[in-house]
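Notes follow the structure.
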Amino acid sequence: MDDEQLKELTFDKDGLIPAIIQDVRTNDVLTLAYMNKESLAKTIESGETWFFSRKRQELWHKGETSGNRQLVRDIRYDCDADSLLVKVAPLGPACHTGQKTCFYHTLLNRDDTPEEITLSELAALIRQRRHEAREESYTTYLFDKGIDKILKKVGEETSEVIIGAKNADRDEIVWEMADLTYHTLVLMELMGVSISDIKQELAKRHAAKEGSANE
């Protein structure tokens, strides 16, 4: 966002603009906060979210005390230039209650489909377990044990997938591939690799193949 774009933004009578904070990996809406020109400038300069507290009438740096900082990946504004969409990589829960997102209360839900979890949601949960250690959590246990334990599990689950395939057992394959997927996501989190990184690599390979096919 350059200086000319900043001049286009419309702040309200109190000098504020609403900012919707969204997880860049899962697309979950994490919170709605407000920025003034100073906090927006700090957000752009530091690469982390800064807001203006209407209650305390002061700037605040998300995660300054809790450690649950938000690394800014993208900032956009709407067609009326009076609200912001800030995409972040969160380093912990967005809500002061400990919830991943501030929007965890349900007022109306007309979705009758069975509850499902996407790979992005699972990756976000794994990331949360890494930064919020829980004694009863197997994911936390894996991170505590470190790279050797995680690699061992990835290797074991890979072998189980091969065995399931040799047995031509579909149910076994589904079970073992789910285990392999989970442990692979744990390894990805440890190594700082996101699902977006994998998608981008696959897209580059596809583009390269398309390019050579057209030559």
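Listed values, structure above:
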{"item": "Residue match in region 146-155 (condition: touching a Gly at 6+ places or on another chain (Cβ under 7 Å) and buried (at least 17 other Cβ atoms within 10 Å of the Cβ))", "result": "no"}
{"item": "Single match in Gly15, Gly67 (criterion: farther than 30 Å from Arg130 by Cβ and either of a type in the set (Phe, Trp, Tyr) or surrounded by fewer than 18 Cβ atoms within 10 Å (Cβ to Cβ) (or both))", "result": "Gly15"}
{"item": "Considering residues of region 1-44 that are farther than 18 Å from Leu71 by Cα and polar (S, T, N, Q) only, the residue modelled with the lowest pLDDT", "result": "Gln5"}
{"item": "Residue in region 170-180 that is assigned to a loop (DSSP other than H, G, I, E, B) and either at positive phi or out of contact with any Gly (no Cβ under 6 Å at 6 or more places or on another chain) (or both) present", "result": "no"}
{"item": "Qualifying residue in region 40-56 (condition: aliphatic (A, V, I, L, M), under 20 Å from the mean Cα position of the chain (by Cα) and either surrounded by 12 or more Cβ atoms within 10 Å (Cβ to Cβ) or not assigned by TED's automatic domain parsing to the domain that holds Lys13 (or both))", "result": "yes"}
{"item": "Out of Ser194, Ser120, sole residue that is modelled with pLDDT of 90 or more, within 20 Å of Leu91 (Cα to Cα), among the small types (Gly, Ala, Ser) and surrounded by 12 or more Cβ atoms within 10 Å (Cβ to Cβ)", "result": "Ser194"}
{"item": "Within region 1-114, strands (runs of 3 or more DSSP E) holding 3 or more residues that are in contact (Cβ under 8 Å) with a residue 60 or more places away in the chain", "result": "17-23, 29-35, 84-90"}
{"item": "Evaluation of Glu136 against (1) part of a helix (DSSP H, G or I); (2) out of contact with any strand residue (DSSP E or B) (no Cβ under 9 Å at 6 or more places or on another chain) (one fails), failing number", "result": "(1)"}
{"item": "Residues that are of a type outside the set (Asp, Glu) and touching an Asp or Glu at 6+ places or on another chain (Cβ under 7 Å), drawn from region 163-196", "result": "Gly164, Leu180, His183"}
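The values are calculated or read from the model by the stated rules, or taken from the named source; none is laboratory data. Model, not experiment: these values are computed from the prediction. Here Cβ is always computed from backbone atoms with ideal geometry, including for glycine, and neighbour counts include all displayed protein chains.
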